[in-house]
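Student: Sharing a structure, written as structure tokens. Questions coming.
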Amino acid sequence: MKYQLAFLLFVLTTACIAQDSHPESEEPPNVLLVIVDDLGFADLGCLGSIDLKTPSLDKLFEQSLQFQRLYANCPVCSPTRASVLTGCYPDRVGVPGVIRTHSENSWGNFTPIAKTLPQHLAENGYFTSAIGKWHLGLTPEDHPMNHGFQSFQGFLGDMMDDYYNHRRHGNNYMREDHQVIEPKGHASDLFSTWACEWIKTRQTKYSEQPWFLYLAYNAPHTPIQPPTDWLKKVRERQPELNEKRAKLVALIEHMDHGIGQVLDSLSQHPSSRDTIIIFTSDNGGQIDVGANNGSLRDGKQSMYEGGLRIPGCIKVPGKTIPGTRSDAVCSTADFLPTILDLVGIEQETNIDGLSLKPLLEDPQHRWNDREIYFVRREGGARYAGLSIEALLLGNMKIVHNLPTQKFELYDLEQDPFETNDLSQKRPKEFAQMIRRIQFHVQRGGQIPWQ
């Protein structure tokens, strides 16, 4: 009897791992990395939001390993994107702040100190492409195709002033490779359509070559500008929502629909290869436009948890047990070493991220007292070019949110909502963490960013 039970347990476990996936292939897998902009920590149906309907991402999260403590490497856009593509802290690759059109208000110059993720993959036989928002520089030298991508279709700049005319400060930053283009339609629809067409072409005409697609949505960043029909659906379904929240809900639901089309295209045009799928956001949700960061403190631009903690998941056919969750501390810099590890490419040594592959093998895996640094440099009357910082060391977190504010110390295990400042009660530990931040800031200062 015990042997029958053991065999049954083995069969059930194997079935769970294999659910919604192909048998693990000997060929290098494709890689799809989706990054959205300013998505709140609880702004998906599967993450607790009761006024949102996000069936596509809910399904993906159900099929994936979900990260419960995934941190953006900065609470704003450009730096986190730099960390994703390099596996390094953003200030170590010349992006301590947001890269913008006007030099007097631009706080970065993307300067990888090692090969980027697409460079690694391209050198190992992958076709690499970026679709959507770039936000890592506007000069010809900054172009995605000078950083390892073999094709690009999207927006070079930061936020769009309008989702339909795709301008920023009157400039047209839409490109197909290096050519200026004038596409018609909502930016989310364009990025989703381009990604679907790209996947169809790669899967049907070039299936012998593995691919990497970096798909970066502008949504749900401001301006909160959903298509009219999507806003109408939300208003009819939930007339009690205020205007601000209704518009953000519609923008997120519209984006979810587009991501669903992209994921469907993988099954509609299958190849013999498996596809690794990673989903994340570049920072927390922006509270003043209606974002929902759950019970976390604050939001985008802040070094509190609401600005840094982000939704995220990974689906690796043949390795991921659907519906599993990990409480291990992870960061967006971990995606580069994770992908290289999963596809069998030798790891970089001069990076800050860690491979998350151990979490796929054991979701209960933990790193003891892991250090993650956060730095953001910004201008204007509030910052005047100075930086704000945070350090997460194990469960202890030190926070410095504005140049005019003091450093604060929190124990996230006992105080996950950052309400009890321990800086005066634990002075020795506080002083040690201050010194660690100082050394990190000096290290980042070795890379020029102007």
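The values are calculated or read from the model by the stated rules, or taken from the named source; none is laboratory data. Every value quoted in this text rests on a predicted model; they were computed, and no experiment measured them. Note that we place each Cβ from the backbone using ideal geometry, even for glycine, and neighbour counts take in every protein chain shown.
Student: Taking the condition farther than 15 Å from Leu308 by Cβ, at pLDDT 55 or above and either among the aromatic types (Phe, Trp, Tyr) or part of a loop (DSSP other than H, G, I, E, B) (or both), does Phe7 pass?
Tutor: Details: farther than 15 Å from Leu308 by Cβ: yes; at pLDDT 55 or above: no; either among the aromatic types (Phe, Trp, Tyr) or part of a loop (DSSP other than H, G, I, E, B) (or both): yes.
In short, no.
Student: When you scan segment 179-202, how many residues do you find that are under 25 Å from the mean Cα position of the chain (by Cα) and either assigned to a helix (DSSP H, G or I) or closer than 22 Å to Val84 by Cα (or both)? Before you say what the answer is, go through the steps one by one.
Tutor: Filtering segment 179-202 for residues under 25 Å from the mean Cα position of the chain (by Cα) gives 185-200, 202.
Of the ones still in play, those that are also either assigned to a helix (DSSP H, G or I) or closer than 22 Å to Val84 by Cα (or both) are 187-200, 202.
Qualifying residue count, segment 179-202: 15.
Yes/no matrix, rows are residues, columns are (1) of a type in the set (D, E, K, R); (2) surrounded by fewer than 22 Cβ atoms within 10 Å (Cβ to Cβ):
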| position | (1), (2) |
| --- | --- |
| Phe110 | no, no |
| Gly132 | no, no |
| Thr139 | no, yes |
| Asp161 | yes, yes |
| Met174 | no, yes |
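Student: Quick one: in segment 363-419, of everything that is surrounded by fewer than 17 Cβ atoms within 10 Å (Cβ to Cβ), of a type in the set (D, E, K, R) and within 22 Å of the chain's Cα centre (by Cα), which residue is farthest from Lys319 (Cα to Cα)?
Tutor: Among those residues, the one meeting the criterion is Glu371.
Student: Hey, any hits in segment 282-290 for a residue that's buried (at least 20 other Cβ atoms within 10 Å of the Cβ), in contact with an Asp or Glu (Cβ under 7 Å, 6 or more places away or on another chain) and under 16 Å from Tyr214 (Cα atoms)?
Tutor: For segment 282-290, residues buried (at least 20 other Cβ atoms within 10 Å of the Cβ), in contact with an Asp or Glu (Cβ under 7 Å, 6 or more places away or on another chain) and under 16 Å from Tyr214 (Cα atoms): present.
Student: Continuing with the same structure: From the list Ile278, Ile252, exactly one residue is under 23 Å from Thr332 (Cα atoms), hydrophobic (A, V, I, L, M, F, W, C) and not in a helix (DSSP H, G or I). Which is it? Break it down into steps so the answer makes sense when it comes.
Tutor: Details: Ile252 fails: not in a helix (DSSP H, G or I).
Just one listed residue meets the conditions, Ile278.
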